[in-house]
Amino acid sequence: MLKSHHSHDQNIYFLLLNFSLQMKTRQTYFFLLIPLYIASFCCSSFAHGQNTAKDSLVNISLKYLRQNDKEMFRATYSQLFVHYALESEGIDMKRMLERNDKDSLCFYLNLLMKDRSIDALCYRVLTDGKYKKVFSELPCKDLCKKWVDSVSMVPDAQLRDELWDIMFRDQGIRALFIALPPNTSDSIRKKVRGEILSIDGQNTDRVMQILDISGKWPGKTLIGEMADQSLWLCLQHADQKPEVAKKYLPMLHEAVMQKRSDPMYYAYLFDRIRMNEGKEQLYGTQVYQKTLEGGKVKCFVVPIEDVEEVDKRRMEMGMESISDYLKGMGMTWSLQEYKKTLEQNWMYYRLRSKPQNIGS
């Protein structure tokens with residue numbers, strides 16, 4: 001079944017993954033995250049490189065990259081996230097289609113349609129041309145058509161659709177990066193990293209236009225939950241222009257206070273701003289990596305202001321405890337150990353150009 005989307009740390013499609021990208025550009029490190037399901041990543045074929053539809057998309061994406069066909073490259077890697085997301089939800093479209101398992105298809109499509117927090121994913125599946133013939137023969141075909149029509153005709157569909165596209169590019173290129181075969185050349189990896197920076201720069205500029213024209217945060221009531229997430233993700237990934245997040249934080253805060261956006265977004269963005277300024281974070285969302293002597297990589301939580309109260313603040317934002325949060329990234333939280341290593345943590349934190357962030 002689909003995973004529950006009811007707690008704030010689990011109700012959005014973009015949960016945290018312990019993954020970071022380190023990029024050195026103009027002597028500055030930019031660290032960008034691909035937020036995905038934590039639990040499913042470690043055991044999924046996406047991580048382990050089994051032969052799946054995603055592997056085919058990875059190869060096709062790399063083919064277009066080598067051919068310098070930017071349009072097809074972007075169109076292909078944008079599909080990667082859809083395939084991974086479906087697999088994370090336990091939906092094996094390929095297998096159900098091969099078996100012509102109409103009952104299972106209707107079962108999972110019904111689950112997707114009932115969960116508005118993943119409306120973009122559901123819409124992409126239901127309008128995918130390669131499924132058109134099969135879906136037209138399903139017992140639930142009328143329900144599917146009614147759902148697509150209802151989604152297509154909302155007042156802010158044009159803006160919402162644009163934000164959906166932005167989100168799939170944001171997530172798709174990061175999905176491609178972590179799915180690169182081990183033997184991928186350094187030159188190809190460099191090109192993929194460059195594409196991430198390029199996409200983030202474009203997304204940042206477009207989101208600034210959207211928010212400046214609107215004068216306020218549109219919010220999930222107008223554009224839906226996944227489009228609302230897309231706005232937040234673009235600001236969260238605007239590390240090339242850290243002043244952008246700071247500019248629009250009050251706008252997001254107002255939307256949160258009016259229950260038009262998720263409090264968790266504010267917490268992550270607030271901490272990201274603090275981290276980029278070299279200050280203590282408030283909600284414990286940001287984590288960075290440090291390569292120690294001997295090549296060992298260790299993860300540190302960015303220093304937290306008034307750490308004894310961090311779980312209280314997280315609870316107020318509808319978030320799980322910091323212990324559970326870090327556990328999801330393969331880390332262990334101990335307040336005693338945190339305090340014991342705090343001086344060393346500060347030393348590493350101050351030395352970095354920007355932390356190797358592995359939290360959204």
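The values are calculated or read from the model by the stated rules, or taken from the named source; none is laboratory data. It should be emphasised that the depicted structure is a prediction, and the values quoted were computed from it without experimental measurement. Ideal geometry is used to build each Cβ from the backbone, glycine not excepted, and the neighbour counts take in all protein chains shown. What goes into the accessible areas is simple: the full protein's heavy atoms, side chains included, and nothing from ligands, DNA or RNA. Shrake-Rupley method; radii C 1.70, N 1.55, O 1.52, S 1.80 Å.
Heavy atoms only, probe 1.4 angstrom, no DNA, RNA or ligands counted: give me ASP165, ASP55, ASP239 ranked by accessible area, highest first.
From most accessible down to least: ASP165, ASP55, ASP239.
Solvent-accessible area per residue for segment 103-189 at a 1.4 Å probe radius, Å²?
48
Give the whole-number value, in cubic angstrom per residue, of the convex hull volume spanned by the C-alpha atoms of segment 85-219.
129
Give the dimensionless ratio obtained when the Cα radius of gyration of segment 170-280 is divided by 2.2 N^0.38 Å.
My calculation over the Cα atoms of segment 170-280 gives 1.17.
Pull up the cross-link candidates among the aspartates and glutamates for LYS279, meaning alpha carbon to alpha carbon under 18 Å and not fewer than 8 places away within one chain.
ASP239, GLU243, ASP271, GLU305, ASP306, GLU308, GLU309, GLU343
In whole angstrom, and with the biggest value first, how far do the Cα coordinates of segment 245-360 range along each principal axis?
Computed over segment 245-360, the largest-to-smallest principal extents equal 50, 27, 22 Å.
For segment 262-278, what does the Karplus curve 6.51 cos²θ - 1.76 cosθ + 1.60, with θ = phi - 60°, yield as ³J(HN,Hα) per residue in whole Hz, taken in order and with x for Gly and Pro?
Values per residue, Gly and Pro as x: 7, x, 4, 4, 4, 4, 5, 5, 4, 5, 5, 4, 4, 5, 5, 8, x Hz.
Once both labels are modelled 7 Å past Cα along the beta-carbon direction, what's the LYS70-GLU308 spacing in nm?
5.5
So which trypsin sites (Lys or Arg not before Pro) in segment 249-313 are both in a DSSP loop and have at most 14 other Cβ atoms within 10 Å of their Cβ?
The qualifying sites are LYS259, LYS279, LYS296.
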